[in-house]
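Shown next, in structure tokens, is the structure this report addresses.
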Amino acid sequence: MSIGTDFEIQSDKDIRYIGAAHGASGAGYYSVLELHRWLQSLADDASSSGDDLMDMSKDTPSERAYDTIITLQNGYNIDATAAEHLYGGSIIQDGGDEVYDGVQVIAGAGAHVEVIQNGALVANDFWNSTPFGASAKGLNPDTANGISQRFIFLVRTGGADIDGRRLLLQTREFGYTYSEFKINGTSRGVNVAALVYADDLNNDTASGTVAGWSDVTNLSEGYNGIDANADSTSEYYYSKWDKGSRTIGQLYERLKYLTRRGTSETLYGLNGELFRGITHEVNLTTPRAGTFSAYEAVSWAGGTGQMLAINSAAAGTKLWLQLLTGVAPTNGQTITGGTSGATTTCSGSPVERTLSFPFCGLSTGSAIIGAYGLGIEASDLSVSDKVFDLTNTLISPPNQVTFNVNGLISAGEADSVLVGPADGGGALDTTQFTLNGALTGAAVTSVVVNEAIPADTPSSGTLRIVRANGAHSKHAYSAYNAGTKTFTITSHNFSSNNAANGAGAYLTYIDKVAAASTEGFTTIFSSTRDLFVRVRNGGSSPIKSFETLAQLTSTGGSVTAIRTSDA
Amino acid sequence: MALSINWATKVITVPQADLSLISAGLYQLDVDAFRLALKDIEDSEDGMGFPDTHRHNTEVTLSGVTYSRFVEIINGYTVTFQDTGTPYTVKCVGANHNLGDVKNVNNVSLIVGNSAGLITVATGSGPTAVDIANALVAALQATQIPVDAKRMNGAAIIGDGSESDPWRGVGVQP
């Protein structure tokens, strides 16, 4: 086919495509320069012929500024369908009131490219059509030069630019790397968008499988305090993802799934396909009024966005948003909540934050390097993971290690299990601590010890205290203060059976009747700790006491109880 | 009052009420039941912090004969039978045991009731026959051995070694 057969020039100066549809045999695609040349070749004809009403008697149909900038003039015009069959430059028409600009995508062959314009996904993605006879999708590709698609796109109509001619191009094919390229206002001619479209080696689970991982949830959308580095001070994030029963690598895959092409999931009120994460951090000041939602649409003169977090709903001094349209707010502009109606005022220039693709960050398969502000439950993080809080500070989770005692009987007359510090001589260290002051009160809640409380002490657990009658009473503690060497225990009456000043006390990391076949404890690794393990059952099927030494190392530890009958 | 352990002194107290009355002044202790009661205490919240009270080897059947279990109180624990002020005797049944070794002295006497079958004498640490022979030779060489010679070269020796009656063979004149 030729451009002459695929296009016609109608009497009302409409230039229309009449060839085959995308993907059909014979569908034609032509550069804007070819269109211009064709029009000019007809315009000098003595008389028109066929369906092309163009000859010397007609007004000049087009003008070329450059090979890539063609202006249709004197009322000649193309429509959206004709535009789908042109590429390689801009078409300006209607006296400049309507403009199609050229887009050229640099990406791997077959990339499915999405275009977001004016905050919405463009539904008619004709550029992803597969040409007749081709093996990969993408119109007008130039594989040798790494070009996957070329097309022209309407960026101005009715005399007004559409969202400032801003376009956002992205790839979100599940199983492949995600990427985006922002054209912050197209220029006349060809606008290049570089995208990445390659296998994601850490995203190799079938989409249908990941669809079932619904136990991965965001516990709280909005401003979240999480103590990810276990320093007793929360850092703040805009999410609190819980990986449920999944691995951290599977969390990554699930979050990709939620934001994949074609998703129907919603994140922070946005379709997952449109969700990108925080683009701007905005300082706020007075005047302010009302109470913002945890997240909501916001707007200001010159732009809209989706607020993902605010540090105080009623008196926020910072909010974090994803810019949807226009430009970020400027100093002094009023920002209004679309749902709440609350208002606040932008202070200074917003800080533009770097996006990650996908929005959650990077995965190594066994660890995640979180995107800016992405929060994950502290208990779901390991020492290999990294996250960045809303101040963009790198937070390194501590090495949470787990020690398990396996092989326990929990049904019926269950086993009793105790894991405590070893004394170096193969026995339980009952003097890990000594009391600093006698415990004699009727409602004691604080236990002060002389020795430093080890850094690997669980934040809550049980403490045994040697009493006047020689017994080692067990006390649950809910917190401890390493500085004052004080444990906070459940109120207990020590008045009738004191614990003397200097009496022994020791942590019991596990000290219970087994409720499952495996009992364990998790703590932050500090240094290798020698442990004493004891398992007993004196019920109707008694066993010999199982006692052994074990170690809690940087990778945790475990022992399996050997249950030898003692009947 | 039930069987109890004083964790500070490691004294296991057996109340008289836990014993079976056989006759006036004579009670019976089922040692197997006793050790099971100890195990029940050991796996309690109180007991979990402390070492085992005893070691137990169960019954063994050999050639149709069932050899009794044995129970050994260990780790410094001792046993006190409740002293009621009136002397009484406790007869132990059901296991061989070392209660006699760890019982605290009071007005209660104990009939141990242990019964040994074939016992094993330690071997391997005593002297060998060669050791004995060598030691004997060494001892002989280290001393003068008194000898009372009666015969020499198959013939009897006579005489008393004096000048008038010197040592000589039978039939030889002085």
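Numbers for the structure displayed
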quantity	calculated
Residue in region A:451-464 that is of a type outside the set (Ser, Thr, Tyr), touching an Asp or Glu at 6+ places or on another chain (Cβ under 7 Å), open to solvent by 50 Å² or more (accessible area, probe 1.4 Å) and touching a residue at least 40 places away in the same chain (Cβ under 8 Å) present	no
One residue from A:His22, A:His36 being of a type outside the set (Val, Ile, Thr) and open to solvent by 40 Å² or more (accessible area, probe 1.4 Å)	A:His22
Strands (runs of 3 or more DSSP E) contained entirely in region A:151-223, each with at least 3 residues that are out of contact with any Pro (no Cβ under 7 Å at 6 or more places or on another chain) and open to solvent by 60 Å² or more (accessible area, probe 1.4 Å)	A:179-184
Residue satisfying all of: in region B:39-58; more than 8 Å from chain A (Cβ to nearest Cβ) and either open to solvent by less than 30 Å² (accessible area, probe 1.4 Å) or in contact with a Ser or Thr (Cβ under 7 Å, 6 or more places away or on another chain) (or both); nearest to A:Asp429 (Cα to Cα) among these	B:Thr53
Positions within region A:525-540 being surrounded by fewer than 18 Cβ atoms within 10 Å (Cβ to Cβ) and either more than 22 Å from A:Asp566 (Cα to Cα) or of a type in the set (Val, Ile, Thr) (or both), in sequence order	A:Ser526, A:Ser527, A:Thr528, A:Asp530
Residue count for region A:547-567, restricted to those that are within 11 Å of chain B (Cβ to nearest Cβ), surrounded by 13 or more Cβ atoms within 10 Å (Cβ to Cβ) and not in a loop (DSSP other than H, G, I, E, B)	1
Some residue of region A:270-287 being touching a His at 6+ places or on another chain (Cβ under 8 Å) and at pLDDT 95 or above	no
Residue list for region A:89-111, restricted to those being assigned to a strand (DSSP E or B) and out of contact with any Asp or Glu (no Cβ under 7 Å at 6 or more places or on another chain)	A:Ile91, A:Ile92, A:Gln93, A:Glu98, A:Val99, A:Tyr100, A:Asp101, A:Gly102, A:Val103, A:Gln104, A:Val105, A:Ile106
Subset of region A:410-422 that is within 12 Å of chain B (Cβ to nearest Cβ) and assigned to a loop (DSSP other than H, G, I, E, B) - its residue that is modelled with the lowest pLDDT	A:Glu413
Residue, nearest to the other protein chains (Cβ to nearest Cβ), within region A:501-524, restricted to residues that are farther than 19 Å from A:Ile489 by Cα and assigned to a loop (DSSP other than H, G, I, E, B)	A:Ala514
Tally of residues being of a type in the set (S, T, N, Q) and assigned to a strand (DSSP E or B) across region A:423-435	1
Scope region A:382-407; condition open to solvent by 10 Å² or more (accessible area, probe 1.4 Å) and either within 14 Å of another protein chain (Cβ to nearest Cβ) or not in a strand (DSSP E or B) (or both); matching residues	A:Ser382, A:Val383, A:Ser384, A:Asp389, A:Thr391, A:Asn392, A:Thr393, A:Ser396, A:Pro398, A:Asn399, A:Gly407
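The values are calculated or read from the model by the stated rules, or taken from the named source; none is laboratory data. This structure is a prediction, so every number in the text was calculated from the model and none was measured. Every residue, glycine as well, gets a Cβ built from its backbone with ideal geometry; the counts of neighbours run over all protein chains shown. Heads up: the accessible areas ignore ligands, DNA and RNA and are worked out on the full protein's heavy atoms, side chains in. Shrake-Rupley method; radii C 1.70, N 1.55, O 1.52, S 1.80 Å.
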